[in-house]
Amino acid sequence: MKHENISYDELISKLKSASPQFSDPEALTRSIMLSVERLPLRQKQHTALRITGFLSGVAACLLVCLLVRELAWQPATFAAPIPPAAVFSEAYSDRIAAEIEDVSSRSVPEKMRMVADIMQKRRAQSRRWKSAHEKLQNSPLGVDKEQYFNLFNISVSR
Amino acid sequence: MTREEMQQLAVNSQAGSTKAFELLVVELQPLIFRLAFRLLCSEDDAKDAVQETFIRVWQRLNRYNPQYLFSTWVYKIAVNLCYDRLRAAKQLPKRENCSVASWEENISLQSDAEAALINRELGEYIAHFTAGLTPKQKLVFTLRDVQGFGAEEVEKITGLSPEKIKSNLYLARKYIREKIVRI
């Protein structure tokens, strides 16, 4: 084809009319069909199935995120203050221990009496504890802690 | 083949019928070849593009919506494929596919030497006028002016907005007119 002087419209009509020669289309069809027969046809998936799959994926992601969060960050409640053991006087626990040790050198009736005494004391102490606790609960904020511990003969270490 | 027959064959192909698909290939492959040739300017490249297009069509049949024209959908796949090839060709250094040596090799391999000669000349002729166009401009120009598709159809096939089609077509026409004047 010569590139002679032509107008735009002439060029277009020339390009339109000059179709390329399609040699041996049967061979190309055979080749296409051979390739196609080797490939599996992807069947249309049900929309509901796809939505379920998507939602399951989202749920799985959320669970993984929650798990990571649990492992990475400790909740604030874990850091709640625990009263130190030193708050309670050692003298109190020593006295109890001495009383228990003393029991071994006494006779059985005496021991029984002692145990009864201790139980009575504990009951009385428990009652005092309960009433003091209720008092403290009902009292306004900022109540003196020393006053609270004095009820039980407990010294407060500062 | 009527539009309804083609749509029916497409539905049968979706169900897995290779026979129906073969009929569609026979019907559409000359049209796809013509378009691919006009875009790629080479018989071999056009044939490769045709083969790849129909393989893609088969693989993506589950995505085809029978409400739309099957041929338009096939054109869309073919155009995307050719566009990718044009872009790749632009990035690579110019191939000497039209050199005398490669041409002589082609003649010795092809049974229909006359058809090959005609195709080679036509390819060179198209390439001469469209070589300086961008892939997008070439695509729009070929579809609109050479293939004769309507604006709406070009929009559907290329996925470009009407404004982009207009601007690309304007630039392509301008370039080709300048090229004609320069001869």
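Below are the figures for this structure:
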read-out: Spans of helices (runs of 4 or more DSSP H) in segment B:118-183 with at least 3 residues farther than 21 Å from residue A:18 by Cβ and free of Cβ contacts under 8 Å to residues at least 12 places away in the same chain; value: B:162-182
read-out: The listed residue being surrounded by 10 or more Cβ atoms within 10 Å (Cβ to Cβ), part of a helix (DSSP H, G or I) and either modelled with pLDDT under 75 or among the β-branched types (Val, Ile, Thr) (or both), out of A:91, A:60; value: A:91
read-out: Residue ID - farthest from residue A:8 (Cα to Cα), chosen from residues in segment B:139-154 that are surrounded by fewer than 16 Cβ atoms within 10 Å (Cβ to Cβ) and away from chain A (no Cβ under 13 Å); value: B:152
read-out: Test result for residue B:75, among the hydroxyl-bearing types (Ser, Thr, Tyr), buried (at least 17 other Cβ atoms within 10 Å of the Cβ) and facing another protein chain (nearest Cβ under 10 Å); value: no
read-out: Pairs with Cβ under 8 Å, 6+ apart, first in segment B:40-62 and at the interface with chain A (Cβ under 9 Å from one of its Cβ atoms), second of a type in the set (Lys, Arg) and outside any loop (DSSP other than H, G, I, E, B); value: B:43/B:120
read-out: Pairs with Cβ under 6 Å, 6+ apart, first in segment B:11-24 and charged (D, E, K, R), second crowded, with 16+ Cβ neighbours inside 10 Å; value: B:22/A:33
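The values are calculated or read from the model by the stated rules, or taken from the named source; none is laboratory data. Everything numeric in this text was worked out from a predicted model, so none of it was measured. Virtual Cβ from ideal backbone geometry, glycine too; neighbours counted across all protein chains shown.
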